[in-house]
Structures are given as structure tokens and as C-alpha cells.
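What follows is a set of notes on a single structure, which appears directly below.
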Amino acid sequence: MTEKRTEAQTLDPVTFEVLKNAFVTVVDEMAEQILRTCHSFVIWARDFSNALCDAEGNTIMQGSQDIAVHVGTLHFTAKAVVEAFRGDIHEGDVFAINDPYVGGTHFNDVRIIRPIFAGGELIAFAQSNGHWADVGGTVPGSFDVGAKTHFGEGLRIPAVRIWSKNEYRQDVVNLITSNTRAPDDVEGDLLAQAEATRVAEREILRFVDKYGRETVKTAFAEVQDYVERLTRSRVAELPDGTWETEDYIDGDLSAEEGLVPVKVKMTIEGDKISYDLTGSHPVIGSFLNAGMGTAFSGIVAGTKTFFPEVPLNSGFYRVLDVHLPENTVVNAPWPTAVTGFCSGAYEKIMNSLFELWSEVMPERALACCFNLEYLLIGGQDKRSDPSPFFMWYDWMVGGWGGRHNRDGSNATSPVFGVGLAVQPLEGQERLTPVVTSVHEIVPDSGGPGRFRGGCGVQKGGTLTAIEDTVMSYCCDRARSITWGMQGGLPSCPHGVWLNKGGPDEKFLGAVFSNVPVKEGDAFARPSAGGGGYGDPLLRDPASVKEDVEDGYVSPEGAKRDYGVVVREVDAELAEWEVDKEATEKERTLIRGGRLGWMREDPESVAERYRGGQIGALDAIRRHGVILDWGTGELLPRTTEGFRVMLERRSTSHWKNGGPRR
Amino acid sequence: MLHLAVDIGGTFTDICVFNEEGGATRVGKVSSTKDPIDAVFESIKAVGVSPADVGLFSHGTTVATNALITRRFARAAMVTTKGFRDVLEIRRGTKQDLWDAYKDVAPPYIRRRDRFEVTERVDYSGKVLGRLDEKDVRRAAHLIRRRGIQTVAVCLVNSHANPSHEQRTKEILEKELPDAFVSTSSEVLPEIFEHERFSTTVANAVLSPLVGDYARRLAERMKEGGYEGDVLLLHSGGGVMTADVVERLGGRLASSGLAAGAIACGHLAKLAGYENAVGLDMGGTSADISVMVDGETRTTNDWAVEYGYPIRFPSVEVSTIGAGGGSIAWIDAAGSLRNGPQSAGSDPGPACYDRGGEEPTNTDANLLLGRLGEELIGGAMGLDRSKAGGAISKVGEPIGLDTTEAARAVVEVANANLADAIRLALIQRGHDPRDFVLVAFGGAGPLHGAELARELSIPTVLVPPNPGITSALGCLLVDIRHDFSEMHLVPAGETDPEEIERRFVALEERARERLGAEGIAEKDMRLLRTLAMRYVGQWRSLEISVEGAIASLESLLESFHEEHERQHAYKREASPVEIYQLKVAAIGETPRPDLPHKEPEEHEPDPDGHRKAFFGEDEAVETAVYRRDGLRPGAKIAGPAIVDQLDSTVVVPPGDTAEVDGYSNVIIKVGGGE
């Protein structure tokens, strides 16, 4: 990752620019091809990516609309194919691979890789990666939260040949598809992806025809050098220095409660960026660990967020020197379970980088953003006879963090992949026995701040004609709540509620699998808002009033979180006004009391929560106390860690706050 | 009788008049005005016509597009199913720019406070799960009245499967709010997927009063001037509709301004004998690319004026890239030569305009290469070579190119960007560029057309007689057109063909009714059926056109497999297929001008002058210059040659030949037609 290559360009500037743009067009054409023919609703929602790699497997160009989480991993799998089949790769071959232990993401992300030959010489690989709806394992959707090793998660596909010299190896494909819950759709996706790689092959060969093989090969190298040069020149303009932070996974299911740290130290030196994740927690007993590839991806994606205009290829990766300590949540070895990395360590790395880079580039500051939550319900659909297997897998949008001089954006796709689209509920209701009851923005979900975090949403539903049905949830941040910075406050906890408000109400938390559900059960879960940016008491009361008029903030929330007292002028006209005097009083009261409230005895806070005097947002934002949101039981170690975090990111930035630790 | 077409753009309003007697066309161009209707009448005056002499008036306008972009439309309300008022704001959650956390998706067209919920629920099959609470509707009506809102979008979940709750809601709202305009999603776009249907309905609700009012005022002023016919407005789908329909379906005008150029491109190509055409409409800041295949201009349902808010009416498919005459060339941080999308626009414009612009643009490069002459608009405007040279050297020096080399590099990069965009439009649908003609228009299109065609292996370039006002011509060339559709999700294997036939007949009845109301005689009605199908499990469908009554589905299935193979290079004949949607396009044929045609008489005209121009070689070559208005049908020219005209410049590079056809198009044969 540190090898430096910056030899002079040898192509003339026009040929170079023409081919560079043409490579972008090639990967975009691959994306179009997949969207038009795919079967998996996950792929259709744009959970896929495409890349053109050189003969050694380095990425030449990645699709401009690709999902963040695949960024920085496609070269690993191309290299794995080269490694496995060196000397035995032929024209007309196509390979498949999904192995997270050689740099893949998780088992559902199956990559189809086609070598491209020109005049008998292997010059490139076209790679298409798509999230298949199911790849087997113990849980529908192949997301087994409790898995400690990969054997229960799903089918691991090392590099295998699925076309040999243009001959389709139906036997090999059958071995793959027979191990999934939706063999037909899976094969449909495999064909769609293979066809996308064929589109790339056709286009590359056209360039070879026109410009000659050597020119095209030179362009492959120079496009990477170009991105490296571009990135280095940007980095060189930045101040040198070292910045450190940490973020947390909620806990280790197999150990005592307590936050699980992911540590990141970033150093900028000249035109180089290095990241050292030493100090991150050892591997944990759930599937939220990240493999080496996805941890690297989190670094790439987090960095790229602050260099949005730089194209993505291996040239970008060369500027990054990344150290991932072995046997930790950021470099989990075989056979540790890693499928839930996207809700776990991956996102903690990304959000940590948002914080670090916000210090380097305050004008592009970004507080903690909502990340992926993924609810999976699978079972028998009794609406028809024979009742087919159904898969209701759902993900929501949430709020993004507050920014420099600007609120965070409401209801936006996760940082995991901003291109990941939510599914239409009308389509879901046709295909599955689940009736959606609500899909709406949640008031007060945005983390309070001078610039408020974006609002999260909630989606819930009722199960109708089902049998043998289970529910699983891949999520996090029920305890390590999406945080604010520069004095901003956290948003709200994740977690699924079953039959909320009924006699059999149950809080299932943010990670669980295979929970049996029955006809008539109702479920709901919120998505986090973004963290706030800056002291909420400094927010312009007029902005708070406007938020109340549109229902992004409740009148109670305005008072609690911002110290702004609003009065109804005419609710029918959505007209409110700020009571200036009362606001001044309230703000003075909060300013005087808030540091003390943060030190209140956690057990007494928990008691008031259990007694119904205060809600979860009071516990979190006023007192920094984390509970089991179902039982109200105090989580003392988690609370201790959470309060330390709050002091660093929030309270010490308040004008009346204590010294920064 | 005179046919009059006016096309309003952001900067200019173009007019095209066609005289049926004698078959002559007259064209004009005026600056657009604050009230766009003023420019319509200024342009009419400019060509010396009185509305009283006009027999048919058609009109394309960017009024609706601009209203959406600038949010200048009347406050609107939404009434929706309880629990779903934020569907419009949640969208599908994605952003256009995946990496820039400071580039946000625009807010929805209706604010959250004006989105009201009613208790009701219908399931996927149309079964009522919860009855409509009419008290909720009346409560919403009360709030809407108090807020002074006059247009309402009714958007209920699953209304495509059962519209009864939406219909009832509309009845109540219309009774309670007699002055308000109410659109329901089941009328506007009876399609599955809530966000897309709601978003289209909301666009219709915000636009209908606005463009309805616009159409009414335009019609009144035309009437005052003595015009007795209907005002026909061009809609996004490439047809026209009457002002009355616009009042209810204003959303259909969302991309009216873009459609006209594509229509003209297709028509001119067909007249010249080409069934497959790519349109390149290149102006000052951007280029619009459209495609006609087998004589039909390609349309799409994936359309939005702003990212995140789809308007799923069939719209002529136009892709726009930031490559125009004023696009700026620059060197990026890694030392690479780039071109666009930033543009010098018309103010200050390219450096050579000498109006304060200092950045190097495509126009500057073309001037230095001698492809553009030193004056524009017939001498009305001079171009400054030294200013152009100074600007271009700004990109030449850092990469070690002299001014001429740099100018050539700038044009080549611009052409490469255009070629990529065209390639994406053609190749990704399985079309071979060699089967196409490139129709180059707009002020800058004919400058770049021939080199671009060579780059793309397109054998022929067609340059229309008046490249700069081709869009206005497009407005003259369209029929009345409406689109009707119905969701019908059933497995093709178990479907009774008679059922499909019955549904098509019902759609056709509605189509005839609409056309009849617009005064179209039965004999001028044409109804086109298409059936959308897909493999079970797939998300996108393919449309197969249906000829005549349906007796069996076999041949349609065969066409589906074939089309899938053509577009996507594979088919799965053993896999089950499902029917997705039935569509009927209702076309009311309107009298269309016969463009003037003269039998070409082959001859080699004498050039009107010469100038030095650079092409592939290092040395400038002596290049013949012709005046377009001096060229008659049958004129044959060998490249290198340049044809100057008032609104454009046509470049015929060395090795290519050009001839003027019977419709006065310049047809360039790349490589001399070999």
C-alpha cells in the first residue's frame, strides 16, 4: 500500500484524457447493464459495484455510483483470482469469489471476474460485485448475528471457475446455487453480472483495436499514477500533524456489557496519509468484526469523503499507509464471523475518520452519521398454496451529522453506501406477507446542536399470513449512540420493538437473530438521526421554531434540547412563535445545571426511566446514561464509557464546560 | 395557412413559420423575457406575422422546468395515508453525489407542514384493510382552506390497485374546496411504487395551476390577436396537447423544452431517409443528446427535473452533458487537461468575445484552428484571435504544447467527452453506431459533428438548414399525444389472452375519449399498444409493441425473449415471464408541414472564399469557405471545407465530403462515404 509509483506520463495528454474518461464510461455501462437485468432486490437497490482491474489485479477504475463499502476491496479479490489461478487463466474463463478472508466484504457480495485478453495476452480483469439476497447459512438472508465463525453464516466461495474457455460450468454453478434459498434468482444475478463483465471486455477490446494494446496498457498504469499524483498534491497542501480518536461498537455479545473501542490515529506527513488502528479491541463474539479488506475499505471511504472529486482506483490507495493490528475487530482472521462488519467496525472507522478530517478541514466538518440497519424476516408465505419461502429484508434511511454552518441532511441513505436505495413498500407488500404500518420521519431524532443532525425515520409493519417465520437484525448503536461533536449532542438509540404498547411488548435490541414471529405480530424500529454540531444552546431560536412548525422537532424537544420555549400562535396554520423571555430563562437554567445533570447518579436516572418520569432522550442527552431500553436496567460500564465520550466530544466544548481531557 | 411554432429557452425564444402555400419556412430569434409570453409575441412580430393569419400554433416552453428548479410555484398540499406523509421526503434515500457530504438533495416540492394524513388502507391486491375516515379528509380540507392553498395532491398507498379511496377523497375535497385543483395519484400515474407515483402526482399538482394559467393567458392573447385555433403545447413525451388538458396535466410539460430538439432531429433524419439517428444539440453551455431507433424517438419513464423527485410520465430521453461552445478547458491538480463542465456562458462568454472572459473555451480553440471565422452572426459580432490565443496558452504552457497544439487538444478532449456520452446512450442499449446518422445542430453542433462521427464510427452527419432554431422546428412537427397505462402484474403462462385484450380495449376507449374531447376526428386517431414484460424475479421490464388484437401470447413472449437477447445479450427461455403493465399511446394526427423539397441537381459550387484551418496535420491547410444560403440542393463539396451561416458553422474535415440534399440539409459523408 505504500509502494510509490510516479514515473512520468508517456501518453500524450489527449489520448490519456480520452482513455481515462472512457474507462469511467466502461464501468458505468456495466452498472446500467446490471440494473436492467438483475433479480436480487438488494442489487436492484444498488448494492453492487463494478471495477476494471489491470493484469495484476490493481483497480484502474471503479464505478462512480458504487456502494462505499465495496470501495477499496475489489483489487483484493482480483488479486486473489490471479493468485489462485496463475498460469491457468484463459480467454473465455469467468471466475466467482466471495471470500472475506482474502479481502472480500461478506458472503452475500459475490464477485464475478472476467479476464480480458488482447492478442493472447492477459491485460485486464472486469469485475462485477453484487449482493445476492441469500447465500445459505442458518438464517434467511445469511445474516446470523450470533455466529462466531463463518460456518453458520453462508457459503464461502474461494476463487472458482464458472466458465472455462467459454463453456458454462453448470456443475460448479449448481454447487453454488443449491446452497442458497433462492437458486433461480441467484443464477439470474450471476448471469446479469457475467454479462456486465462481457460489456467491459467488448469495450476494452475496442480501445485496443483503436489505440493498440500497449497504449491501452500504458493508460491502465497512468490512470492509477494520475490519481496518485492528484491525491498527493492535495494532501501536500494540508498541514502535517497527528490526530487521534475512537468510536465504539455497542458491546461484545459473548462478554460483559461495555463499549468496544475502535481506535484510529491519523498522521499527515508531506504528501502521505497514514492510519494506525493499534489499540482497537480484540475480535468479539458476534459478526460485527471487520476483515482486513473491509477495514481498509472503511479507511478509503472515510478519506474519500473529504476528497470527493478524486476518482477511485489503486492510485488513491497508494497514498494511504494503513496499519490494521491482527486479531482485532478491525482485522479479524479466518474463521471469525464478519458478515455484520458493515454495521460494526466498518462504520466506526468511517465515522472516526469524519471526526479526524473535520479537524483538518473544519469547513467540511461532519458529525457522526446514521449507518446501516438491516432487518431480515424470512419464512413461509401462506397467501398462496403451496406457500413459497419469502424474504422481507429491509433497510432504512437515517440522519446525517450536523455540519459547518449547516444542519445535517434528513432521511438519507447510510454512510455504508449513499447509493443504496430504500425499497418501495408497495413492491414489498406484493411479494411478502408484511403490511407496512408506517414509514415516517421521527421528531427530535436529529442530534441537538447549533447545527442539528438530520432526522432519522421509523418503519414498522404487521405480519399477516405467515408460518415458520423468523426475524434477525443486523445493526448497532443502541448504546454507542450516534454522537455529536464540538458541543453537539447524540441522536437516539437503535433497536427493534415487537408489539410496542401491547401486553406482550418486547425490546429486541439492535443485534439478534432467528427470533420466531407469528401472524399478527407488529414490529417497528427507528433509524438514528445524525449527531449535532456545536452547542445546542447557541442554535438560533428562529431555526428551532421553524423545525417545530414542520414537526422535525417537538415543542417539548425544543425546550429540553435547545432551551427554546415556543408558543402556539395558530396550529392550524402551522404558526408558532418563540417566547423570548422564557427562552432566555430556560437557557440560563440549562446552562447552569447541565454539567451537574451529566454527573447525576446513573442508577437514579435509570429508576426515573423505569418509572416513566423521563424518556430515553433525557437519559442520553441530559445525563449521558445508557440503559437496556426495554427493561430500563442500567448498563454501568457502558454508561461510564459513554460519559467519557460525551465529555470529549460534547460537554467540554460548552462555554461553561470543564477542561478537555 | 401559416403554421407557427415558438420554442422558449432560457436565453432565446426561437420561432419558425411555415407557409403551406409555397412551402417556405421563415425563422427568427429574440431574447427571452421575464414574462415568457412577451417573447412569444415579440418573436411573432419579428417574423412579420399576425396571429390572425395563423392556422396552427404550437409551442414548446421551459416554463414548467424553470418553475420546478426555482421553486416558483403556488403553495401546494398533499393528502396521504396515515403513516406515510414523509414518503415524499424520504424518497429512495439516495443522493446524486455519493461522496460530497456538502451536496444535498433538494427539499420536496411540498413542505412537511402541508402534508396531511387520513386514516385508510388498501392492500397490494386492492382489498380494503381500513375504511377511509371521511372526517380526516374534511379536517384536511379545513386546514387547506385556512392556509389558502389551491392545489392538492391526493396520494394514497396502493391506490394503483384500488383507486376508490382516492376518488372519494377527491370528491370530498372538491366539494369542500370548490376553487382548488385536486390531482389523484391513480389518475395521474396508475403505477405501483409509492414514491415514484406520489412524486409524479405532486409535480403535477404544483405545475398544473401554473402552466394552466400560462396556457390560458397565451391562448387569450393569441385570440385577441385574431388566432382562432387551439394553442398546442409540447409535452415531455414529444407530443402536443391542448391548453384545456394542460390545466389538469401540467406535470406533463416538465421537460417540454428538451423534447422539441429531439423531435426535429428524428423528423429531419426520417425525411432524409434515415431510421436511426443520434441528435446532438450543442449550444453555449451544454449538449443535449437524443436517440431515434427504427423511426421512433426514444422515450423513458426514468425522468426527473431534480434528482430525487421522479416524474414518471413518458419523456423524450435526452441526456445532457456540460460540453458547449463556452465550456472551459483547464488543467487539474495532477496536470491533466480537462474540458468543462464549467462554462463561460454568454456572459462574459469565451475570451475571443472580448467581453471580459479570460478562460479558454471550445469557441476560442475553434477560432484559433480556423474552423470558426473571425466574425459571427453574419458580421454582427467580431471575434478576437489574440484574446483567444492568450487564453488557450494558459492550458498549453503547463503541458508543453504550443497554442495551436493546445487548441487542437482542447477540441479533441471536448469531442472525446461528447463521444463518451453518445456511446453510453447507444452501446448500453445494444445499438451499433455504424447504423446511425448523427444530426448535428445548435450553434456549436455542426462545428464538432464530423470529427465526432469519425470518432464514433458513425458514417454520416446531417446538418439541418437552420441548426440554431431546429428546436422551434420540432414544435411544428408533432402530433397530439397522450399516454395511458395500467398495471397488470400476472404470470404470462397463466394469463387469458382475452383478458389482456379486454384491458387494452378499455384503455383505448379512454384514449379515444380524450382525443375526441380535443377535437380529433376518429380518422386521425392512431392508438399504439405496448406490453411491458419481464422474467419473474427481475425488476425492470421490457416493452414489446403489440400489433392488432391479441389472440394468443405466444408471439409476444417470443418477441420478449428476442428483445431481451438483443438488449442484454442473453435470454432465459425456460424461465417464467410475467406481464407487468399495459400501455396505450393515443396519437391525434395533426396536419404537419411538408418541408420544402427541391430535386437536387448535382454540381460543384465555387467557394465564396478561403481561410487557413488546422485539422489533423501540423500545418494549416487552405480551406474553402462557402456561405450556406448560397448552397443549392445537389451542391457537392470536398473537405476540407467550411460552411458559414448566420446561426452556425459547419466543418467538413479533409477526407470527408458533403452534399446538400433536397431538404437543404448538409449531409457529410465521413471518409467520403467509403
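Does B:Pro398 fit the bill of being more than 26 Å from B:Gly468 (Cα to Cα) and within 12 Å of chain A (Cβ to nearest Cβ)? Judged against the criteria, B:Pro398 is a match. Is it the case that segment A:218-233 has a residue that's in contact (Cβ under 8 Å) with a residue 12 or more places away in the chain, outside any helix (DSSP H, G or I) and either surrounded by 22 or more Cβ atoms within 10 Å (Cβ to Cβ) or within 14 Å of chain B (Cβ to nearest Cβ) (or both)? Looking for residues that are in contact (Cβ under 8 Å) with a residue 12 or more places away in the chain, outside any helix (DSSP H, G or I) and either surrounded by 22 or more Cβ atoms within 10 Å (Cβ to Cβ) or within 14 Å of chain B (Cβ to nearest Cβ) (or both), one finds none in segment A:218-233, hence no. Counted as qualifying within segment B:156-265 are the helices (runs of 4 or more DSSP H) with 3 or more residues that are touching a helix residue (DSSP H, G or I) at 6+ places or on another chain (Cβ under 7 Å), within 14 Å of another protein chain (Cβ to nearest Cβ) and modelled with pLDDT of 95 or more, namely B:194-224. The residue pairs whose first member lies in segment B:624-641 and is closer than 16 Å to B:Lys669 by Cβ and modelled with pLDDT under 95, whose second member is charged (D, E, K, R) and assigned to a loop (DSSP other than H, G, I, E, B), and whose beta carbons are closer than 8 Å, counting only pairs six or more residues apart or on different chains, are B:Gly639/B:Asp656. Considering segment B:401-433, the residues that are within 9 Å of chain A (Cβ to nearest Cβ) and not in a helix (DSSP H, G or I) include one that is surrounded by the most Cβ atoms within 10 Å (Cβ to Cβ), namely B:Leu401. Evaluated against (1) out of contact with any Pro (no Cβ under 8 Å at 6 or more places or on another chain); (2) of a type in the set (Val, Ile, Thr); (3) more than 14 Å from chain B (Cβ to nearest Cβ), A:Ile89 falls short on exactly one condition, (1). Scanning segment B:293-337 for residues that are assigned to a strand (DSSP E or B), crowded, with 21+ Cβ neighbours inside 10 Å and more than 12 Å from the chain's Cα centre (by Cα) yields B:Pro310, B:Ser327, B:Ile328, B:Ala329, B:Leu337.
Of all residues in segment A:483-505, those satisfying the criterion of being in a loop (DSSP other than H, G, I, E, B) and out of contact with any helix residue (DSSP H, G or I) (no Cβ under 8 Å at 6 or more places or on another chain) are A:Ser491, A:His494, A:Gly495, A:Asn499, A:Lys500, A:Gly501, A:Gly502, A:Pro503, A:Asp504, A:Glu505.
Can you tell me which residue in segment B:533-574 is nearest to the chain's Cα centre (by Cα), limited to those that are within 13 Å of another protein chain (Cβ to nearest Cβ) and small (Gly, Ala, Ser)? Among residues in segment B:533-574 that are within 13 Å of another protein chain (Cβ to nearest Cβ) and small (Gly, Ala, Ser), the one nearest to the chain's Cα centre (by Cα) is B:Ser541. Across segment B:88-97, a minimum of one residue is classified as surrounded by fewer than 20 Cβ atoms within 10 Å (Cβ to Cβ) and more than 30 Å from B:Asp133 (Cα to Cα). Only one entry in A:Ala78, A:Ala45, A:Ala84, A:Ala22 is away from every other protein chain (no Cβ under 14 Å) and out of contact with any strand residue (DSSP E or B) (no Cβ under 6 Å at 6 or more places or on another chain), namely A:Ala84. Listed residues A:Ser358, A:Ser352, A:Ser409; which is within 12 Å of another protein chain (Cβ to nearest Cβ), buried (at least 21 other Cβ atoms within 10 Å of the Cβ), of a type in the set (Ser, Thr, Tyr) and part of a helix (DSSP H, G or I)? Checking each option against the conditions leaves just A:Ser358. Screening segment B:622-674 for residues that are in a loop (DSSP other than H, G, I, E, B) and of a type in the set (D, E, K, R) and picking the one that is farthest from B:Thr25 (Cα to Cα) gives B:Glu674. Taken as a whole, the condition of being of a type outside the set (Lys, Arg), surrounded by fewer than 24 Cβ atoms within 10 Å (Cβ to Cβ), assigned to a helix (DSSP H, G or I) and out of contact with any helix residue (DSSP H, G or I) (no Cβ under 7 Å at 6 or more places or on another chain) applies to A:Ala542.
The numbered conditions (1) assigned to a helix (DSSP H, G or I); (2) of a type outside the set (Lys, Arg); (3) in contact with a Lys or Arg (Cβ under 8 Å, 6 or more places away or on another chain); (4) buried (at least 23 other Cβ atoms within 10 Å of the Cβ) are all true for A:Val262 except (1).
One residue alone among A:Gly57, A:Gly92, A:Gly87 is surrounded by fewer than 24 Cβ atoms within 10 Å (Cβ to Cβ) and in contact with a His (Cβ under 8 Å, 6 or more places away or on another chain), and that residue is A:Gly57.
Remark: pairs (first residue in segment B:505-529, touching a residue at least 60 places away in the same chain (Cβ under 8 Å); second residue assigned to a helix (DSSP H, G or I) and among the small types (Gly, Ala, Ser); Cβ separation under 6 Å; 6+ apart in sequence or on different chains) = B:Leu527/B:Ala511. Scan segment A:520-530 and tell me whether some residue there is in contact (Cβ under 8 Å) with a residue 40 or more places away in the chain and assigned to a helix (DSSP H, G or I). The answer is no, given that none of the residues of segment A:520-530 is in contact (Cβ under 8 Å) with a residue 40 or more places away in the chain and assigned to a helix (DSSP H, G or I).
Listed here are the residues, each with its yes/no results for (1) out of contact with any Lys or Arg (no Cβ under 8 Å at 6 or more places or on another chain); (2) among the basic types (Lys, Arg).
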residue: B:Phe116; (1), (2): no, no
residue: B:Leu132; (1), (2): no, no
residue: B:Arg147; (1), (2): no, yes
residue: B:Leu156; (1), (2): yes, no
residue: B:Pro163; (1), (2): yes, no
residue: B:Gln167; (1), (2): yes, no
residue: B:Lys170; (1), (2): yes, yes
residue: B:His195; (1), (2): no, no
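When segment B:266-284 is limited to residues that are in a loop (DSSP other than H, G, I, E, B) and in contact with a strand residue (DSSP E or B) (Cβ under 8 Å, 6 or more places away or on another chain), the one that is modelled with the lowest pLDDT turns out to be B:Gly284. Exactly one residue out of A:Thr77, A:Thr25, A:Thr37 is of a type in the set (Ser, Thr, Tyr), crowded, with 24+ Cβ neighbours inside 10 Å and modelled with pLDDT under 90, and it is A:Thr37. A:Thr303 meets each of the listed conditions (1) touching a residue at least 24 places away in the same chain (Cβ under 8 Å); (2) out of contact with any Lys or Arg (no Cβ under 6 Å at 6 or more places or on another chain); (3) farther than 25 Å from A:Asp109 by Cα apart from (3).
For segment B:74-129, filtered to residues that are more than 10 Å from chain A (Cβ to nearest Cβ) and of a type in the set (Phe, Trp, Tyr), the residue that is nearest to B:Gly148 (Cα to Cα) is B:Phe116. With respect to A:Ser437, determine if the residue is in a loop (DSSP other than H, G, I, E, B) and at pLDDT 95 or above. No: the conditions fail for A:Ser437. Would a scan of segment B:524-545 turn up a residue that is more than 27 Å from A:Arg46 (Cβ to Cβ), out of contact with any strand residue (DSSP E or B) (no Cβ under 9 Å at 6 or more places or on another chain) and either surrounded by fewer than 21 Cβ atoms within 10 Å (Cβ to Cβ) or aromatic (Phe, Trp, Tyr) (or both)? No: segment B:524-545 contains no residue that is more than 27 Å from A:Arg46 (Cβ to Cβ), out of contact with any strand residue (DSSP E or B) (no Cβ under 9 Å at 6 or more places or on another chain) and either surrounded by fewer than 21 Cβ atoms within 10 Å (Cβ to Cβ) or aromatic (Phe, Trp, Tyr) (or both). For segment A:149-201, a residue qualifies if it is more than 14 Å from chain B (Cβ to nearest Cβ), buried (at least 20 other Cβ atoms within 10 Å of the Cβ) and in a helix (DSSP H, G or I), and the qualifying residues are A:His150, A:Ile176. In this structure, does A:Gly72 turn out to be farther than 25 Å from A:Ile204 by Cα and under 20 Å from the mean Cα position of the chain (by Cα)? Judged against the criteria, A:Gly72 is not a match.
The values are calculated or read from the model by the stated rules, or taken from the named source; none is laboratory data. Please read these numbers as outputs of a predicted model, since none were measured by experiment. Cβ atoms come from the backbone with ideal geometry, glycine included; neighbour counts cover every protein chain shown.
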